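Below: the structure, in structure tokens.
Read-outs: derived from the displayed coordinates by stated rules, not from any lab. Source: prediction; values computed, not measured. Cβ sites come from the backbone with ideal geometry, for glycine too, and all protein chains shown count toward neighbours.
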Amino acid sequence: MQITVDMNLCESHGQCVFAAPEIFSFDDEDRLLYEAAPDDALLGQARKAAAVCPVRAVTVSPAAS
Amino acid sequence: MRTADRRELIVVGASLAGLRAARTLRERGFTGALTLVGDEPHPPYDRPPLSKRVLTAPGRPPGVALPVPHELDARWRLGQAAVRLDPVERTLTLADGTRLPYDGLVIATGAAARGRPAAEPPPPPGVFTLRSWDDALALRAALAAGGRLVVVGAGFLGGEIAAAARERGLDVTLVEAAAQPLAHAVGTTAGAYVAALHREAGIEVRTGTTVEDFLTRTDGRLAGVRLSDGATVRAGTVVLALGGVPSTGWLAGSGLAHDGGVHCDPRLRVLRTDGSVVPDVVAAGDVARVPQPLAGGERLALGHWTNAVEQGTAAAATLLAGRDPARAPGPFAAVPSFWSDLHGARIRSVGLPAAADETRVVEHDLAGRRLEISYHRAGRLVGALTIGRTGRLASYRLALEERLVPATAANAPAAT
Ligand SMILES: Cc1cc2nc3c(=O)[nH]c(=O)nc-3n(C[C@H](O)[C@H](O)[C@H](O)COP(=O)(O)OP(=O)(O)OC[C@H]3O[C@@H](n4cnc5c(N)ncnc54)[C@H](O)[C@@H]3O)c2cc1C
Ligand code: SF4
């Protein structure tokens, strides 16, 4: 699976971090860090993160291969 | 082969919670007829930008539409208010007299802006409230005309409107009845911090006072306000930001308990005034009063974006489960969260700071725009708020989640 976050949209709401802590986190300056190609086992978490982002910055696409 | 689903489901309120509920019904395989009823003429849109970039963006106002997937395959009844619910006959009546039968119904009519008390004369032109897209366009036009803005009510909404007007270069006065903005919502430390942010930005903050009267010009338009402390403030525009009132007027005579919001059980099923469950009717979002474990089980209507999304999803799941105990979802136990953007400071909170009896300030740095406060009730964590420290919220949220999940599992009645 492939995760993209549109950092122009992201307002550091943290909803994605709450929904999928294994994929998303913050650095000390409240910038969002995330795993771009997490394990498919985390697909459910990733979808939930995309669904709760208030600015719809998170896109989840199934593995390219 | 599956037989066609002949059920008819209706969602009343075509906004954030209603659209989430409708989407969830389809995502979970509901193939019957789905109708969305909304009194606004607009397709669903997002409200948080209305007090932020819709007021500040130069040029054309930015779009705020919520995406409606085409798989939703719904019948839309927009520009039509629901005026009556009969849960015995299972019908919904619309303003034009149409009666729609239903097998299941979602109440998601949100809230309306609180105005002046009905007993008072209506305020003069130039006095606004902000809840809808139309309200936001009207206020945007008034701000473009310049002059001083008076915002009455220094809650998060009032604060954001004041900040937006200030960003546009207007002179702004923020009037608050309490001694400190936001004190009852997030405590005096965070309230004082926010007041300092406002003052730094050049907003005049007047606390401990209320609006007695509107001053008008000879043509009847607004000229300013007279405050209870005797002062008068000249202004071209006034915004009343006095909070929301759940939109439940259309439920009069339905037998539902709806004072202060539609009363729900922990699975978002709607209750009658005698406390019994109304079959096949659920509620979600700003209109729903749901027991909050963090507030000792008290029923609260929260008025937050994330709450509307999560309850919309959960209410749809409850509705689809019907009376089948095998499919029944557990009690709604999401950790509330809230945000507000003020003068570039990102205020983020989890849990229920308003339910706390004690606050602990972990970090307080006004110049560095950092704040971290934890909230406790009877010694136990009930919430946290940060500015510039969103990363720290995740662990508070996790702690609250761990507390809520076993608590609700233990309290849940055995499936019947
Ligand atoms: C200006 C503004 C800024 C906000 N900013 C934030 C923020 O920064 N962070 C945050 O967490 N939350 C914020 N909120 C709160 C958030 O927008 C709400 O919690 C959310 O909109 C609730 O969604 P809802 O679907 O329950 O209700 P609503 O969005 O109020 O939708 C209810 C819909 O039902 C319609 N309706 C009402 N009565 C009837 C009837 N009888 N028949 C048919 N339709 C009816 C209404 O017209 C409306 O379209 C803000 C709200 C506003 C107004
Ligand atoms: S939820 Fe959305 S806005 Fe918030 S941090 Fe994640 S991507 Fe950014």
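When chain A is described by a simple charge dipole with +1 on each Lys and Arg Cβ and -1 on each Asp and Glu Cβ, the residue from A:7, A:32, A:62 located farthest towards its positive end is A:62. Using Cβ point charges alone (K and R +1, D and E -1), the dipole size of the protein assembly as shown about the Cα centre works out to roughly 520 debye.
Amide H contacts under 5 Å for residue B:215: B:223, B:224, B:225, B:226, restricted to partners 5 or more places along the chain or on a different chain, H placed in the peptide plane at 1.01 Å from N.
Here each label is just a point 7 Å from Cα along the line to Cβ, and for residue B:66 and residue B:219 those points are 4.0 nm apart. Name the residue, out of B:276, B:132, B:337, whose mean-square fluctuation peaks in a Gaussian network model built on chain B with Cα pairs under 10 Å. The residue that fluctuates most here is B:276. Spin-label model, residue B:86 to residue A:4: label points 7 Å out along the Cα-to-beta-carbon direction sit 5.3 nm apart. What is the extension gain from residue B:98 to residue B:232, computed as 0.36 nm multiplied by their sequence separation minus the C-alpha to C-alpha distance, in nm to one decimal? Value of the extension gain: 43.3 nm. Shape annotation for chain A: C-alpha extents along the principal axes are 33, 20, 17 Å, from largest to smallest. With a Förster radius of 22 Å, plug the Cβ-Cβ distance of residue A:56 and residue A:36 into 1/(1 + (r/R0)^6) and report the FRET value to the nearest 0.05. For R0 = 22 Å, the calculated efficiency reads 0.75.
Remark: segment B:337-415 carries a charge dipole of roughly 120 debye about the Cα centre, counting +1 on each Lys and Arg Cβ and -1 on each Asp and Glu Cβ.
Taking 7 Å steps out from each Cα toward its Cβ at residue B:141 and residue B:204 produces label points 2.8 nm apart. A cut-off under 11 angstrom between Cβ atoms defines the neighbours of residue B:371, and their net charge, with Lys, Arg +1 and Asp, Glu -1, is +3. Positive-end ranking of B:394, B:342, B:356 along the dipole of segment B:261-401, with charges on Cβ about the Cα centre, is headed by B:394. Evaluated on the protein assembly as shown, the Kirkwood hydrodynamic radius is 23.6 Å, with distances taken between all distinct Cα atoms. Our helix-only sum for chain B, with -39,500 (n - 2.57) per DSSP H run of n ≥ 4 divided by its residues, gives a mean residue ellipticity at 222 nm of -7000 deg cm²/dmol. For chain B, give the magnitude of the charge dipole about the Cα centre (Cβ charges: +1 Lys/Arg, -1 Asp/Glu; no others), in debye to the nearest 20. Rounded to the nearest 20 debye, it is 580 debye. A full extension of the chain between residue B:120 and residue B:73 corresponds to an added length of 12.4 nm, given 0.36 nm per residue minus the alpha carbon distance. Rounded to 0.05, the FRET efficiency of the residue B:212 and residue B:326 pair, given R0 = 60 Å and the Cβ-Cβ distance, is 0.50. The simple Förster model, with R0 at 25 Å and r as the Cβ-Cβ distance, assigns residue B:277 and residue B:26 a FRET efficiency of 0.50.
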